[in-house]
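Encoded as structure tokens, the structure appears first; notes follow it.
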Amino acid sequence: MVVFSLVSETVKPKSLGGLFGAAPAVAIAGLTVTVVSKGDHAARESSVGMIAGGAALLACCLLTVALISRAGGLRSAALGVGPWLAVAGVLYLVVLT
């Protein structure tokens, strides 16, 4: 959470930085509710899913950043969905099933 807080302090505009500050807190709160309501095994599955989703998001962001100067923002974001789906699908099949 400390790393996310540091990123949120350095990111401009501050409205975007708030996402980095809120994401870890929401994840921890969600896992706490899952542990209390469904047990440790369900929380483990949720946390593995969060990690897989983060890896897929990283793939999407890397491609979008690489394409943005050539294809523009909207087109780059649309093209980034493909790698996100591919990475998320592969990780789902390999790790979560």
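Can you give the FRET efficiency for residue 29 and residue 97, using 1/(1 + (r/R0)^6), R0 = 35 Å, r = Cβ-Cβ distance, to the nearest 0.05?
On the way: r = 27 Å, r/R0 = 0.76.
It comes to 0.85.
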Between residue 65 and residue 90, what FRET efficiency follows from the Cβ-Cβ distance if R0 is 25 Å, with the result rounded to 0.05? 0.75
Let me make sure I get this right: for the range 40-97, a, b and c are the square roots of the gyration tensor eigenvalues over alpha carbons, sorted descending. Under 1.5 in a/c it's rounded, otherwise prolate if a/b > b/c, else oblate. Which is it? prolate
Simple spin-label model, 7 Å along Cα-to-Cβ: residue 75 to residue 44 in nm? 4.7
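Only the coordinates and a few stated rules stand behind these numbers; no lab work does. Given the structure is predicted, the values throughout are model-derived calculations rather than measurements. Every residue, glycine as well, gets a Cβ built from its backbone with ideal geometry; the counts of neighbours run over all protein chains shown.
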